[in-house]
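Student: Attaching a single structure in structure tokens format; questions to follow.
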Amino acid sequence: MGNEVGNATAETGAAVKTDFKRSLDGYQARPGEFRVVDVPPLRYLMVDGQGDPNTATAYADALEALYPVAYTLKFASKTDLGHDYVVPPLEALWWAPDMAAFTSARDKSRWHWTAMIMVPDWVPDGLFPEAVATVAAKKSPRSLDRVRLQTLDEGSCVQTLHVGPYDEEAGVLAALHDEFIPGAGLRMTGRHHEIYLSDARRVAPAKLRTILRQPVAPAGE
């Protein structure tokens, strides 16, 4: 991943800003198409929580802690390492004791989640505590002490692109869970993963673009 885009252009020597939404295959998806992808191990800033993301203060607190750390790491990479990048999109893992809470029941109060932002592999682990300390010195968000840096290894996954409001994902998820995955001789193995390619504060609900991902394995394994 870190070698996909060089640090400088050959002709001008100007710094190149890596945009993972363009260069990383895991951020590519099309509506109406279920695609099997092999996702490499990736590091993320993560915060765990539980409850309806629209009403639970823990979710808003998680984002208020994640973003300052993510941007502090970005600026450290640009300044100290000479490698600039666009901060990757917000992502989240979602799960519940009964997966119907995501599809037919859609009971958000029963949802558990991990909010996260990917960190490029060229950023050394040692910059993480330094970034947290920098954020703490400036503002110290409520959930800052809950932010961790962890590798997620999802491996084989099926994903698609949902365009529209988050609450209209249920039909796509039902088709993914109940039709495509078993029909392809696969079974679900990990947590439901969403990648938010759009900023919900600036994009109309009908135009929101969200990658829906589900880790899988052969049904017989």
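Student: Given a 1.4 Å probe, how much area per residue of the chain is accessible, in Å²? Intermediate results must be reported in sequence, preceding the final value.
Tutor: Numbers: 10910 Å² over 221 residues.
I get 49 Å² per residue for this part.
Student: Relative to the longest principal Cα axis of the chain, at what angle does helix 127-138 sit, 0 to 90 degrees, rounded to 10?
Tutor: Once rounded, one gets 80 degrees.
Student: Based on DSSP H runs of at least 4 residues, each adding -39500 (n - 2.57), what is the mean residue ellipticity at 222 nm of the chain after dividing by all its residues, to the nearest 500 deg cm²/dmol? List each step's numbers first, then the result.
Tutor: On the way: 4 runs with 42 residues, N = 221.
After summing the helix terms and dividing by residue count, I get -5500 deg cm²/dmol.
Student: Between the helical axis of 57-76 and the dominant principal axis of the chain, each derived from Cα atoms, what acute angle in degrees is found, rounded to the nearest 10?
Tutor: Once rounded, one gets 40 degrees.
Student: If you take the C-alpha gyration tensor of segment 115-221, multiply each eigenvalue by 5 and take the square root, what semi-axes do you get, largest first, in whole Å? If you can, show how the numbers build up before the last one.
Tutor: Numbers: eigenvalues 207, 86, 21 Å².
Equivalent ellipsoid of segment 115-221: 32, 21, 10 Å, largest first.
Student: Using label points projected 7 Å from each Cα along Cα→Cβ, tell me how many nm separate LYS138 and TYR71, to one decimal.
Tutor: 0.6 nm
Student: While we're here: For the chain, with all protein chains present and a 1.4 Å probe, just round the carbon and sulfur fraction of the accessible area to a whole percent. Intermediate values should be presented prior to the final figure.
Tutor: Values: 5590 of 10910 Å².
Using a 1.4 Å probe with all protein chains present, the chain comes out at 51 percent carbon and sulfur.
Student: Return the subset of LYS78/LYS139; LYS21/LYS138; LYS21/LYS207; LYS108/LYS207 for which the Cα-Cα distance in this structure is over 26 Å, preserving the input order.
Tutor: Details: LYS78/LYS139 22 Å; LYS21/LYS138 29 Å; LYS21/LYS207 17 Å; LYS108/LYS207 22 Å.
In this structure, LYS21/LYS138 exceed 26 Å between Cα atoms.
The values are calculated or read from the model by the stated rules, or taken from the named source; none is laboratory data. None of the values given here were measured: they were computed from a predicted structure. Neighbour counts are summed over all protein chains in view; Cβ atoms, including those assigned to glycine, are modelled from backbone coordinates with ideal geometry. Ligands, DNA and RNA are excluded from the accessible area calculation, which covers all protein heavy atoms including side chains. Shrake-Rupley method; radii C 1.70, N 1.55, O 1.52, S 1.80 Å.
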